[in-house]
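The values are calculated or read from the model by the stated rules, or taken from the named source; none is laboratory data. Remember, it's a predicted structure, so these values are computed and weren't measured experimentally. Every residue, glycine among them, receives a Cβ derived from its backbone with ideal geometry; neighbour counts consider all protein chains shown. SASA here: full protein model, heavy atoms, side chains in, ligands and nucleic acids out. Shrake-Rupley method; radii C 1.70, N 1.55, O 1.52, S 1.80 Å.
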Amino acid sequence: MKLMTATIPCYNSAAYMSHAIETLLSGGEDMEIIIVNDGSVDDTQKIAEQYQAKYPTIVRVISQENGGHGEAVNTGLANASGLYFKVVDSDDWVSEKALRQVLDTLKKLIADGKSPDLFLANYVYEKVNAKKKKVINYKWALPKDQIFTWDDIMHFKQSQNILMHSTIYRTNLLKKCGIRLPKHTFYVDNIFVYQPLPYVKTLYYMDVNLYRYFIGREDQSVNEQVMIKRIDQQLKITKIMIESHDLMQIRSKKLRNYMIKYLSMMMTVSSVFLIKEGSEDSLAKKQELWDYLKTYDRRLYKKIRSQILGRSMNLPGKFGRKIVETGYNITRKIYGFN
């Protein structure tokens, strides 16, 4: 059995996918690399097949009709044979040195009978034209270099969300929790990291900069104008996350508080872009989203509304909307997203 399966969802990725593949190949025979060609019309399939021919014991190519990023992840997971599972987007890559460190650590943990449900490492914003790369680590939030549980976690700063970039899940855990990402929908990575969390019993954090998250293409899904254009998909994902768990029933208070924090972020992002779009229709959608949360789970609604971000999202009038936009722009500059 392979130690780790890395799935690379590809849609017209010929121009940059080789970099992602090459960095993952540095893991050698410990790796299974599944390239999912999601209905590309460029040379994605050709490039993928070349790697499969050259590395037949490591690389697998699966072609499918276009179903979107989530469906490509679903396909990768369904076909994964590795003990652990990671998603690497085709325009991103991993640090070869850090990958080797992670694989060696996982081997030792498995040999000691202590393999965690969720392994976490840092990620780096590889933002075009940025003089300094922003590293997101989990110092002061998670115990380092040891097995721990949710009851051992500490304080998460606003920038320290657990994202797809930082996660390596146990493959069987993902399959058993029944995760299924929606087709033809962006921002499904939020479901991927959020839904399995209550199934996780043990964790391990390694302070290495593993994942390199590229930001800079105009058509990228996290581009601000693109996010505003696709706001309905952001709303869809947020509602799916609201429905995925009854957070008040989660035993670990620290896990429950973290998941509330993450959901609060999703509500904030959705609200900010609806406010920035500014039309009556968008402002009505913002109100509908908060009403939806209130109707679905009043206690959760009150908790999110009581937080600073939640309160600011509902300030009335043009003045309130201006405060939201100013706060968003400051946060974006500090944390380097978009």
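Using DSSP, restrict attention to beta bridges with both residues in the chain and report what percent are antiparallel, rounded to the nearest 5.
30
For segment 126-154 versus segment 225-250, the spacing of their alpha-carbon centroids is 24 Å. Phi-derived couplings, Karplus 6.51 cos²θ - 1.76 cosθ + 1.60 at θ = phi - 60°, listed residue by residue for segment 49-66: 5, 5, 5, 4, 5, 7, 10, x, 8, 10, 9, 10, 10, 10, 10, 8, 5, 4 Hz, with x used for Gly and Pro. Relative to the longest principal axis of the Cα atoms of the chain, the long axis of helix 231-244 lies at roughly 80 degrees. In this Cβ point-charge picture (+1 for Lys and Arg, -1 for Asp and Glu), the chain has a dipole of about 1620 debye about its Cα centre.
Taking every protein chain into account, the 1.4 Å probe leaves residue 100 with about 80 Å² of accessible area, to the nearest ten. Considering only 290, 140, 93, the mean-square fluctuation computed in a Gaussian network model of the chain, springs between alpha carbons under 10 angstrom, is largest for 140. Here's the picture: charge each Lys and Arg Cβ at +1 and each Asp and Glu Cβ at -1 in the chain, and of 147, 194, 295 the one pushed furthest to the positive end of that dipole is 295. Taking Cα atoms only, the orientation of helix 280-296 departs from the longest principal axis of the chain by about 80 degrees. Can you tell me the 0 to 90 degree angle between the C-alpha axis of helix 69-79 and the longest principal axis of the chain, rounded to 10? With both axes taken from Cα atoms, the answer is about 40 degrees. Note on residue 157: accessible area is roughly 110 Å² with a 1.4 Å probe, heavy atoms of protein only.
Look at the Cα gyration tensor of segment 102-243: its axes a ≥ b ≥ c give a/c of at least 1.5 with a/b at or below b/c, and that counts as oblate. Of all beta bridges that DSSP places with both ends in segment 32-156, some 35 percent have antiparallel geometry.
Mean-square fluctuation check for the chain, GNM, Cα pairs under 10 Å: which of 190, 122, 12 is largest? Most flexible of the set in this elastic network: 12.
What does the charge add up to near residue 200, with Lys and Arg as +1, Asp and Glu as -1, over the other residues with Cβ less than 9 Å from its Cβ?
Combined, the nearby Lys, Arg, Asp and Glu give +1.
Taking every protein chain into account, the accessible area of segment 1-128 amounts to 38 square angstrom per residue (probe 1.4 Å).
Here the chain exposes an accessible surface that is 51 percent carbon and sulfur, computed with a 1.4 Å probe and the other protein chains kept in place. The heavy atoms of residue 139 present about 90 square angstrom of accessible area, all protein chains included, probe 1.4 Å.
Under a 5 Å amide H cut-off, with hydrogens placed 1.01 Å from N, residue 86 pairs with 5, 6, 7 among residues at least 5 apart or on other chains.
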